[in-house]
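Just so it is clear, none of the values below were taken in a lab; they were calculated from the coordinates. Quick caveat, the model's predicted, so the values are computed rather than measured.
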Amino acid sequence: MVSERFSALRTKLSSRRTRTSASASKKLARRTPLRTLWWWLSFVVLAASGGFIPPAITLAFSVTEGWEGAGEFALLVAAGLVQGFILGIGEVIALRRGPLRVPVGRWIVVTTVAMGVAWIVALLPGSFGQLDWANPVVLAAMIVAVLVVILIVPLAQWFILRSRVRDAWRWMLVMGVATALGVGALLSGIVLAEGKATFISTLLPFILTGWVGILLFTIVSGLGVYWIAREAFTAAETSAVLARRAANESRATTAAKKAAARVGAAASPAIRKVASRVTTAAKKAGSQTAAAAKKSAASVKSRSAAARAKSQARKKKSSGQ
């Protein structure tokens with residue numbers, strides 16, 4: 001009776017394990033590059049739209065209300081951080097529905113911080129003074145700033161993707177092109193909003209050009225993500241890459257420690273010799289100083305004794321007279 005119950009329980013558990021493994025296999029099979037593309041086009045367009053609202057409203061208020069200086073700078077950077085946070089959430093949801101399973105927390109934090117840095121670099125040139133565009137140094141600095149604004153977010157995300165996909169440099173290429181299209185659309189909205197008197201008339205160009213930029217960014221980046229996801233590592237390959245990287249870093253650290261120990265061992269006799277020389281010189285100088293001090297003290301004592309003897313002789317001579 002007991003054996004029959006155990007056999008029934010074993011059969012039930014084995015069937016449950018079979019169903020669980022089959023369900024997991026189906027879920028893994030559904031994580032295809034095409035699925036990543038559809039989720040990217042669905043979620044990233046929503047996240048990019050939601051993240052674009054805070055900078056657009058802040059820019060419209062800054063134009064109509066005449067905000068300038070540090071206040072405008074701080075508000076736009078804060079809006080940029082919110083934009084990066086929302087965009088990072090949308091991207092990580094889309095990526096984790098396919099073969100590119102990136103860590104959620106790290107991806108969101110990296111995207112948020114990089115977007116904030118991009119806004120800082122974009123706002124610094126015009127926030128605290130007028131630029132001399134005829135100066136070649138200023139022009140070169142602006143070109144560098146534009147490249148930083150376009151590539152800072154893809155570069156930060158590349159550090160996470162490089163251990164999860166082959167030829168991860170393609171991410172920087174694809175996202176750089178997509179970001180350049182989005183930034184170009186935003187700049188055209190800023191140009192169209194110049195001279196507008198009301199908040200609505202200023203906000204509308206931002207919204208329209210922003211939507212165009214968001215669509216261009218989403219479509220171009222989505223096609224690029226589909227292209228990259230086809231070369232994604234499996235979980236085992238990712239673990240192997242991370243293990244190799246940790247082993248290489250450990251070996252590099254051990255080699256650096258050994259080299260430092262060898263240099264220290266080779267240099268220690270010379271260091272001790274120099275230290276002994278310094279100590280001997282210090283002792284010699286100290287003894288010479290002490291002898292000179294004793295000599296000067298003895299001379300002072302002898303002079304004072306002679307002076308006292310002379311004064312006593314004068315007193316006796318004067319009393320005898």
Integer Hz, Karplus 6.51/-1.76/1.60 couplings in order for the range 34-50, x for Gly and Pro
5, 5, 4, 4, 5, 5, 5, 5, 7, 7, 5, 5, 6, 5, 5, 5, x
How large is ³J(HN,Hα), in whole Hz, for each residue of the range 80-85 in order, when computed from phi with the Karplus curve 6.51 cos²θ - 1.76 cosθ + 1.60 and θ = phi - 60°, using x for Gly and Pro?
x, 5, 4, 4, x, 5
Would you pull out the residues with amide H under 5 Å of residue 102's amide H, same chain only if 5 or more places away, H placed 1.01 Å from N?
96
